[in-house]
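Peer 1: Structure below; questions to follow.
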Amino acid sequence: GVARIARLQRLSNLLRLARLVQFFKMAFWRTHQQTWAWLARARWVRVLNNGVCLLWIVHLLACGWYLCAVLHDNPEQTWVNRRMVDAEGEVSLLTRGPLDQWVHAFYFVLTVFTTVGFGDMSAVTNGEIVFVCITMIVGTVVNSIIISEVITIVTAVDKRHDFIAQQHDLVEAFAAHTELDETCQKMMRAWISYNATRMLSNRYDREEAKALITDKSMPRSLLKRLPGSLFNGALIVNTFVTLGRNPVEAPPRLPLLLALAVCRGQYAFGEIVYQKHDLAVCVFLVLSGTFADVARPSPSGGVDETVEHPQREESDICIDVEGRTGAQSKGMRRLCTMTELCEQPRSQHLYPYNLHGANSFFGLKGVLHGGERMSTVRCESEAGGAVLTVQKPELLSLMQEFPHCAMAWRIQSWRQEQRRLSLRSQLTGGMSLKR
């Protein structure tokens, strides 16, 4: 019994050790994941991979060329014996070791692959002739593929850098037209570089995609299945689509066309989505997190206010266009990153009174009626929140294509505004949101 207990204790210790090893493996992988991702995207690594692949194939065929001599009945009639390795032409390669013979075989196959053909080595026996013919065919195909791939990698323009360059040219043209100061230009260029990946992900030919979705030949089974798969099923259950009905009753092409119009956005805790008097240009569909209309409490009810952004002295702004953290720059000017430049306005004096959770939407009233925002909305989730934004032109286009939905959206926006005003009137004291 004592021995069995001891074995169980050793087994328990081994299991703990295995868990510890697994933990260190996971920590090591997470630490080096970004490094490996960068190496996979680096051009020189991709060129090096193609070069190694070419040399590996040459090595395999060099081994085959060497076997042509080894498997021959009389080695003195093969290329190994005909190949001389001294200046006087008296020492045959047959007298040297396997490594020297492999080096000469590798050299010969590489000259065939690169179509150089110095003529110092050639095929004489039937086996050598057949193998060289096969090598020339394989070399023509493999060498063409690898060389074309390398040329493509070297000459291809990186999409992200090309997009950033185009947007920077656009900023310069806008600055020249509006006489924009240099600091604002740098801030705009930094913002573009910081968000280039997200901007590119939202750029595709929407008209072509719309023509594909509205094609009458699309199978009915596929048309029914697609809406439930959009954004992992979050779009079809949003109240902007259902409008109080069963999601199955929604027109199947409505969520598909809506998915073409939306762009995904992410907000951090305490980040202002929009504030009072902002131009209402889009509607927000909540995917995750909690957002809320916020106002300043007062004895007579909440008061919608705008919030002030932190001011920076002109001498303190020195922007890194690529958005990387840098060291001290010239003089006393500090290098600011986009995270610092996007510092949120101070809104601690505003408290939530109207919540918008997952599968809800907000911001419709200002788009359809007022033209400007009547309240301030802030992200209230500590883990942040994700939304889908529908721009005003796309929304108006959907309202023309689905008139019954347009009427329901107008009614819903009026109800949302009435509910917001009612809740705001009850905001007489500050109360933070318990998450």
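The values are calculated or read from the model by the stated rules, or taken from the named source; none is laboratory data. The model shown is predicted, which means the values in this text are computed figures rather than measured ones. We place every Cβ from the backbone using ideal geometry, glycine too, and count neighbours over all the protein chains shown. Ligands, DNA and RNA are excluded from the accessible area calculation, which covers all protein heavy atoms including side chains. Shrake-Rupley method; radii C 1.70, N 1.55, O 1.52, S 1.80 Å.
Peer 1: Quick one: what are the phi-derived ³J(HN,Hα) couplings along the stretch 82-97, Karplus 6.51/-1.76/1.60 with θ = phi - 60°, whole Hz, x for glycine and proline?
Peer 2: Along the stretch 82-97, the couplings run 6, 7, 9, 10, 10, 5, 7, x, 10, 9, 8, 5, 4, 7, 8, x Hz.
Peer 1: Assuming R0 = 41 Å, what is the FRET efficiency of LEU20 and GLU179, from their Cβ-Cβ distance, to the nearest 0.05? List each step's numbers first, then the result.
Peer 2: Working: r = 63 Å, r/R0 = 1.54.
So the FRET efficiency works out to roughly 0.05.
Peer 1: How would you rank 288-294, 102-108, highest first, on the average number of other Cβ atoms within 10 Å across their residues?
Peer 2: Going from most to least packed, we get 288-294, 102-108.
Peer 1: If you take every residue apart from LEU279 with its C-beta less than 9 Å away from the C-beta of LEU279, what net charge results, scoring Lys and Arg +1 and Asp and Glu -1?
Peer 2: Value of the local net charge: -1.
Peer 1: While we're on this one: Dipole of the stretch 126-232, Cα-centred, from +1 at each Lys and Arg C-beta and -1 at each Asp and Glu C-beta, to the nearest 20 debye?
Peer 2: Its charge dipole is roughly 860 debye.
Peer 1: Related question: Using the Cβ atoms and a cut-off under 11 Å, what net charge is assigned to the surroundings of GLY265, where Lys and Arg are +1 and Asp and Glu are -1?
Peer 2: Working: positive: ARG198, ARG264; negative: GLU271.
After counting each charged neighbour, the total is +1.
Peer 1: Might you tell me the accessible area per residue for the stretch 94-210, computed with a 1.4 Å probe and given in Å²?
Peer 2: Roughly 64 Å² per residue, with all protein chains present.
Peer 1: Further question on the same structure: Would you mind counting up the charge near ALA175? Only other residues with Cβ under 12 Å from its Cβ, with Lys and Arg at +1 and Asp and Glu at -1. The partial results should precede the final answer.
Peer 2: Values: positive: LYS186, ARG189; negative: ASP169, GLU172, GLU179, ASP181, GLU182.
Neighbour charge sum, excluding ALA175 itself: -3.
Peer 1: Could you work out the pair-distance distribution P(r) of the stretch 159-303 from its alpha-carbon pairs, with 5 angstrom bin width and percents rounded to whole numbers?
Peer 2: 2, 7, 12, 13, 15, 15, 12, 10, 8, 5, 2, 0, 0
Peer 1: Pull out the extension gain between HIS349 and THR111, defined as 0.36 nm times the separation in residues minus the alpha carbon to alpha carbon distance; nm, one decimal. Don't jump to the answer; show the numbers that get you there.
Peer 2: Values: separation 238, 0.36 × 238 = 85.68 nm, distance 7.69 nm.
Net length gain for the segment: 78.0 nm.
Peer 1: Please give, to one decimal in nm, the separation of the simple spin-label points placed at SER92 and HIS369, each 7 Å out from Cα toward the Cβ.
Peer 2: Calculated label separation equals 10.2 nm.
Peer 1: Another question about this same structure. Name all residues of the stretch 292-307 having a backbone nitrogen under 11 Å from the label point set 7 Å from the Cα of SER425 along its Cα→Cβ direction, giving them as ranges.
Peer 2: 301
Peer 1: How large a share of the accessible area of the stretch 116-163, in percent, is made up of carbon and sulfur atoms when the probe is 1.4 Å and the other protein chains stay in place?
Peer 2: 69 percent
Peer 1: Something else about it: How many nm separate the modelled label positions at MET407 and GLU76, each set 7 Å beyond the Cα in the direction of the Cβ?
Peer 2: 10.5 nm
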